[in-house]
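Below is one structure, written out as C-alpha cells; comments come after it.
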Amino acid sequence: MSTSDLRVGMIGYAFMGAAHSHAWRNAGHVFDLPLRPRLTVLCGRSPESVRAAADRFGWDSVEIDWRAVVARDDVDLVDICTPGSSHAEIALAALAAGKHVLCEKPLANTVAEARSMVAAARSARTRAMVGFNYRRVPAVTYARDLIAAGRLGTVHQVRAQYLQDWLVDPDHPLEWRLRAEEAGSGALGDIGAHIVDLTQFVTGQRLVGVNALLETFVRSRPLPTGEGRGEVTVDDAALFLGRFDGGAIASYEATRFATGHKNALRIEVNGSAGSLAFDLERLNELEFADLSDPVGFRRVLVTEPDHPYLVGWYPPGHTLGWGDTFVHEVKDLVEAIAAGRQPLPSFEDGLQAQLVLDAVQRSAAENGRWTEVEEV
C-alpha cells in the first residue's frame, strides 16, 4: 500500500451508498487530505446491481458477501451503508480484522448492540465513526461555535422537527424501513436520531430524560412481492419532550406523515442572551437574534472562507448542497485517521443517541411516563 492511500470497502450501494460514493470520490478534490481515498470495492447482494452501481459510482471492484470485503488485504476502511440490523455484526468483524469503520446512523438497532460496538471500538487499534452527516452542515457547525462562545448566554429551550411525507400513501410497499427487525424503529430512528444528535451537538449538552408518544397511522401495507399485505412494526411519528443535563428543556417531532414536507429539518435554540435557528431547506443560512437588536432574527449567510468547511469550496455566496455534508464527513474522518486521533462523532456518540431512542420507546410503551436516559 502506498502511504498516501486509504483503501475503502463500502457495503451497500442504494440511497446512502450513492451519497457516500460522492463523498469518497470528491473529498480529495475539495480538500488537501493527508490520505488519498481509493474506492477499492463495493459490496451488495445482487451481482448485476452492484456491478452497475460500481460502474456508475467509480468503484474498482465488487463483492457480493460483506465478509469478503472485511477479509480483503487491500481494504483499510469499511464503510457500512446497510440496514441497522446488520450494523453490529459488520462493524465488530471489521474492527476485529483491523479495519477502520464508518457506520451510518443510527449506530445499531438495540442498546446492547451499540454497547458491544463501543467496547470493540475502544479496544481496537483502528478508528471508528458514526455518520451523523448534519453535523457537517457549515451553518450547523457555526451554530455550535456561537453557542460554545456564549453568544446565546444560558440555553433555556430547544425545539427540533424533522418532517417527511413519503409514507402518506397507504399503499406504499412494506419495505425494510417499516419492519422493526430490520430498522429497529421507524421515524424515531430513521430521522429522529438526526435531531437528537444535532441538538446535543450544537448545545454541548446531553439529554437525560424524555417523555414520549409514538404512533403508527397505517398498520399494514402491500408486500413488495405484490401478494398480500404485511404488518407495519415501527412508528410512523414520534413526539417527545426532553431535558438536558445543563438544565435546558426541549421538544422533538419526527414524522414521515407530514403531507407536503419532503425533508424538512429545523432546530431552534433559545438562550438568555439570544436565539438561533437552522432550517435544512435553507441549508446555507442561519437565523440569529440577540438582545442588542430589537428587530429580532436576522439572516446570516454561512458561505465565508472562515466559516466551517468553506475554505476548500467556492467564493463567498456560492452555496453548497445536502450531498456536500458527506464530503465534509469524509474530510474529518480521513484527517482523524491520519493524525491518529478519535474521529467525531464517535461510537460513544452513536450510543448516546441510541440510549435516547431507547428511552423514548420505553416512555411511549408506558403511556408517556417520564423516563431517564441511561448513561453511556
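The values are calculated or read from the model by the stated rules, or taken from the named source; none is laboratory data. From a predicted model like this one, the values you see are computed outputs, not experimental measurements. Here the Cβ positions follow ideal geometry from the backbone for every residue, glycine too, while neighbour counts run over all protein chains shown. To get the accessible areas, we keep the full protein, side chains included, count just its heavy atoms, and leave off ligands, DNA and RNA. Shrake-Rupley method; radii C 1.70, N 1.55, O 1.52, S 1.80 Å.
Taking the condition of being open to solvent by 60 Å² or more (accessible area, probe 1.4 Å) and either touching an Asp or Glu at 6+ places or on another chain (Cβ under 6 Å) or within 13 Å of LEU77 (Cα to Cα) (or both), how many residues in the stretch 12-33 meet it?
Here the count works out to 0.
Mind counting the residues in the stretch 205-254 that are within 24 Å of ALA160 (Cβ to Cβ), touching a residue at least 40 places away in the same chain (Cβ under 8 Å) and touching a Leu at 6+ places or on another chain (Cβ under 9 Å)?
Adding up the residues that qualify gives 23.
When the residues of the stretch 119-133 are filtered to those that are assigned to a helix (DSSP H, G or I) and surrounded by 21 or more Cβ atoms within 10 Å (Cβ to Cβ), which remaining residue is farthest from the chain's Cα centre (by Cα)?
Only one residue fits best here, namely ALA121.
Name every residue in the stretch 236-260 that is in contact with a helix residue (DSSP H, G or I) (Cβ under 9 Å, 6 or more places away or on another chain), part of a loop (DSSP other than H, G, I, E, B) and not small (Gly, Ala, Ser), in order of residue number.
ASP236, ARG256, PHE257
Run down GLY44, GLY84, GLY58, GLY9 and say which single residue is open to solvent by less than 50 Å² (accessible area, probe 1.4 Å) and at positive phi.
GLY58
Please list, ordered by first then second residue, the pairs with beta carbon atoms under 8 Å, 6 or more apart or interchain, first in the stretch 161-189 and farther than 26 Å from PHE278 by Cα, second part of a helix (DSSP H, G or I) and of a type in the set (Lys, Arg).
Listed pairs, sorted by first residue: ALA183/ARG177.
When only residues in the stretch 271-296 that are open to solvent by 90 Å² or more (accessible area, probe 1.4 Å) and more than 18 Å from TRP322 (Cα to Cα) count, which is modelled with the lowest pLDDT?
Looking at residues that are open to solvent by 90 Å² or more (accessible area, probe 1.4 Å) and more than 18 Å from TRP322 (Cα to Cα), I get PRO294.
Which is within 30 Å of ARG125 (Cα to Cα) and in contact (Cβ under 8 Å) with a residue 12 or more places away in the chain, of LEU301, LEU320, LEU344?
Of the residues listed, the single one that is within 30 Å of ARG125 (Cα to Cα) and in contact (Cβ under 8 Å) with a residue 12 or more places away in the chain is LEU344.
Among (1) hydrophobic (A, V, I, L, M, F, W, C); (2) more than 23 Å from GLY189 (Cα to Cα); (3) at pLDDT 95 or above, there is one condition TRP322 misses while meeting the rest; what is its number?
Answer for TRP322: the failing condition is (2).
Of everything in the stretch 311-355, what is open to solvent by 40 Å² or more (accessible area, probe 1.4 Å), in a loop (DSSP other than H, G, I, E, B) and within 13 Å of ARG135 (Cβ to Cβ)? Give them in sequence order.
LEU344
Regarding the stretch 93-109, can at least one residue be identified that is of a type in the set (D, E, K, R), in a helix (DSSP H, G or I) and at pLDDT 95 or above?
no
So in the stretch 246-262, with the set limited to residues that are farther than 17 Å from GLY186 by Cβ and within 22 Å of the chain's Cα centre (by Cα), which one is surrounded by the fewest Cβ atoms within 10 Å (Cβ to Cβ)?
Top of the filtered list is LYS262.
For the stretch 205-245, enumerate the residues that are farther than 29 Å from HIS172 by Cα and surrounded by 15 or more Cβ atoms within 10 Å (Cβ to Cβ).
The answer is GLN205, ARG206, LEU207, VAL208, GLY209, VAL210, ASN211, LEU241, GLY242, ARG243, PHE244.
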